[in-house]
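The values are calculated or read from the model by the stated rules, or taken from the named source; none is laboratory data. This is a predicted model, so every value here is computed, not measured. Please note: Cβ atoms are built from the backbone with ideal geometry, for glycine as well, and neighbour counts cover all protein chains shown. Keep in mind that these areas ignore ligands, DNA and RNA; they rest on the heavy atoms of the full protein, side chains included. Shrake-Rupley method; radii C 1.70, N 1.55, O 1.52, S 1.80 Å.
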Amino acid sequence: MNPPISRRTVTASLLAGAAALGTAGAAQALPAAGRPATGHGRPGAPTIVLIHGAFADGSSWRGVVQRLLRQGHRVLVPALPLRGLAGDAAYIRSVLESVSGPVVLVGHSYGGAVISQAAAGLPQVRALVYVAAFVPEIGESALQLTDRFPGSTLGQATVTQHYPLPGGGRGEELVIRKDLFRNQFAAGVPVPTAQVMAAGQRPITLAALQEPATAAAWKTIPSWYLVATEDRNIPPAAERWMAERAHARTVSVRAPHAVSVSDPGPVTDLILRAVRSVRSGH
């Protein structure tokens, strides 16, 4: 079993995520005494929690966060460890449990698998939004879903690194080659932006991508899905298939895997659709 996660750990992670986003008043992104996080928020509106995926960090949501804050919404962007599905989901669950009131939970890429597991059985999570993300059934892994349809070139674009395990030995983690990063992950994003993203990419363990899901919150929580039709990490056909299986309300955007960076407007619009649904009770 994973050890309990302290509030100090959660707070430190959220502060780091706020700093990465470069938003003013980073301290406002911290949950205080269970109150909603960033921004004052609208009465009755849910807190929007954004979960990044592999090869990214909280700054990948910057354009979305800026739009949501301008409209007065409360936003949290915790940093995802990317070490293993069970542990990552437990960590995000601890963040969700610190938030008072309803939550719209958003996941990109591997973050979709995390939110599907983290939200299971949490009544405050009223909507799930998947952004070019994995939506696994119980027993499925991210790699299984990637391989279900042809079209992903991620395997050829990544290299394996090794890191020490706490109990001894070495684990394997993946990063995208910097010279291939823009074409693979962020095609169409301005070159200087893609270079910064490549330099700061967060590795994910191979074990996390191979670990099967043990919960599927999308079976009981209403969901929305954004298909990135130019995705080279997750085949768009897989995204459409997962969205249909989850009975998600779906939109398609001609965008790369890093759609929250290239096209933050449509991503924000879909999140706001979920927010309005929660507020109206439908």
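Per the listing Ala132, Ala187, the residue uniquely on the phi > 0 side of the Ramachandran plot, open to solvent by less than 50 Å² (accessible area, probe 1.4 Å) and within 21 Å of the chain's Cα centre (by Cα) is Ala132.
Results for (1) β-branched (Val, Ile, Thr); (2) in contact with a strand residue (DSSP E or B) (Cβ under 9 Å, 6 or more places away or on another chain); (3) over 24 Å from Pro264 (Cβ atoms); (4) open to solvent by 20 Å² or more (accessible area, probe 1.4 Å), shown as yes or no for each residue.
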{"residue": "Ser60", "(1), (2), (3), (4)": "no, yes, no, no"}
{"residue": "Val75", "(1), (2), (3), (4)": "yes, yes, no, no"}
{"residue": "Pro78", "(1), (2), (3), (4)": "no, yes, no, no"}
{"residue": "Gly84", "(1), (2), (3), (4)": "no, yes, yes, no"}
{"residue": "Glu97", "(1), (2), (3), (4)": "no, no, yes, yes"}
{"residue": "Gly101", "(1), (2), (3), (4)": "no, yes, yes, yes"}
{"residue": "Val104", "(1), (2), (3), (4)": "yes, yes, no, no"}
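Can we say Val175 is assigned to a strand (DSSP E or B), β-branched (Val, Ile, Thr) and surrounded by fewer than 18 Cβ atoms within 10 Å (Cβ to Cβ)?
So Val175 does not fit the description; no.
Whenever a residue of segment 256-282 is free of Cβ contacts under 8 Å to residues at least 40 places away in the same chain, its partners that are β-branched (Val, Ile, Thr) and surrounded by fewer than 22 Cβ atoms within 10 Å (Cβ to Cβ), lying with C-beta atoms within less than 9 angstrom and at least six residues away or across chains, give the pairs Asp263/Val253; Asp269/Val251.
In segment 205-228, how many residues are more than 27 Å from Val159 (Cβ to Cβ) and more than 16 Å from the chain's Cα centre (by Cα)? Summing the residues that are more than 27 Å from Val159 (Cβ to Cβ) and more than 16 Å from the chain's Cα centre (by Cα) in segment 205-228 gives 6. Taking Ala228, is it within 30 Å of Gly171 (Cβ to Cβ) and not charged (D, E, K, R)? It is true that Ala228 is within 30 Å of Gly171 (Cβ to Cβ) and not charged (D, E, K, R).
Arg126 fulfils the conditions (1) closer than 24 Å to Glu172 by Cα; (2) open to solvent by 30 Å² or more (accessible area, probe 1.4 Å) except for a single criterion, (1).
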